[in-house]
Amino acid sequence: MAIYYTFRTFAGMKTITVQEFRDFFPQRPAMEQGNDFFIMDLEYHPHESVTPVSPCSFEGVVVLYCIEGNFSLTIGLNNYAVAKDNFAIALPGDIVSLTKEPCTLEGIVRIMAVSDRLLKEMEFDLSRANIIFRHRVIKANKQYKLMIHHFRNLFRSIILAEHNESTKSLGYLLRAMNIEIAHIWEHLVEAPERAAGRNGSLADTFVTLVARHHMEHRDIDFYALQMHLTPKYLSSLIRSVTGRTATDWIASYIILEAKYSLKHTNMQVKEIAFSLHFNNQMDFYRYFRRHAGLSPKEYRRQELEPAASPTS
């Protein structure tokens, strides 16, 4: 049964657990296993008042399947226009925001969420997942949709059984599904317009590492060490493959974090600076101004001031 739903913000939230995500919706999911897993269908209509889901991250994995309609999805630094038969995946730590397209007709989105605890039960390899699902959105083929349908029926059977080890069984089944989905996903992904082969793979690894470690490490030396490359070689490689410098990639993630905190929390600028591991507030001020073009306070004031009314 579809759920009529209006998107709204996670006020003041940054990292969302599966339980918090589930409790955010007005109705209970049609299928759920404790605080570790749920599947639900959300239905929306053109007349609904829709506001964006604020940028947040999830402790577990969230998969979206667009059954009808379309919506805009931002994961990390990438923007996606999600349409019918598109699957999207958000991995732990991904910064996600979502809006309904203003021109959309009626739509239905299916959501599956898996908790961090259940990911450990299924021995989920996040490093490998970041490489396999480096393109977070794909268009499903018939084989993919049929497989998902079969797994969904199996999930339902396990949940309805309600025995003492149903969560364990669910973990095994999710592990099997992850293997099969990863295999299909790799074949469906269209390579982006960039250098192929080893350099493209190294660039993917670098961006994955930045997404995971940017809050603690702003120095390219750290990433070069992780990849067993020299900083000079890594810097040259990233520029040649992506058209952007390695420093720009790192700064983009840090500024994204800073802008979120300035816009969606009441943290003082000093607290934000420390949360991002800057030595002091002035270092953070200079860094933010250099990469964002204005000071943190100016950005916060700009974002929080009510939009001016249009003149008649």
Between THR230 and LYS145, how many nm apart are label points set 7 Å from Cα along the C-beta direction? 5.3 nm
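At 0.36 nm per residue, minus the direct Cα-Cα distance, what do HIS187 and ASN280 gain on full extension? Give it in nm, one decimal, please.
Gain on extension, HIS187 to ASN280, equals 28.8 nm.
Would you mind checking LYS263/LYS297; LYS84/LYS145; LYS84/LYS142; LYS84/LYS259 for any pair whose Cα atoms are more than 22 angstrom apart? Working shown, then result.
On the way: LYS263/LYS297 10 Å; LYS84/LYS145 12 Å; LYS84/LYS142 13 Å; LYS84/LYS259 31 Å.
In this structure, LYS84/LYS259 lie more than 22 Å apart at Cα.
Which peptide among 138-144, 158-164, 109-115 comes first, and what is the full order, when sorted by highest mean count of other Cβ atoms within 10 Å? Working shown, then result.
Values: 138-144: 15.0, 158-164: 11.6, 109-115: 22.9.
Packing proxy ranking, top to bottom: 109-115, 138-144, 158-164.
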FRET efficiency, ALA176 to SER97 (Cβ-Cβ, R0 25 Å, nearest 0.05): 0.20
For GLU303, what is the net charge nearby, where nearby means another residue's Cβ is under 12 Å from its Cβ and Lys, Arg count +1, Asp, Glu -1? +3
Gained length - MET215 relative to SER157, 0.36 nm times residue gap less alpha-carbon distance: 16.7 nm
Taking every other residue with Cβ under 12 Å from the Cβ of LEU146 and scoring Lys and Arg +1, Asp and Glu -1, one gets +2
Stokes-Einstein D for region 197-304 (4 °C, 1.567 mPa s, Kirkwood Rh from Cα pairs), in µm²/s, comes to 89 µm²/s
Can you order the peptides 290-300, 207-217 by their average number of other Cβ atoms within 10 Å per residue, highest first? 207-217, 290-300
Extension reserve of the GLU305-THR15 stretch, reckoned as 0.36 nm per residue once the Cα distance is removed: 101.9 nm
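Computed from the coordinates by the stated procedures, all read-outs in this text should not be read as laboratory data. Bear in mind the structure is a predicted one, so any value in this text is a computation, not a measurement. Reconstructed Cβ throughout: ideal geometry from the backbone, glycine too, with neighbour counts over all protein chains shown.
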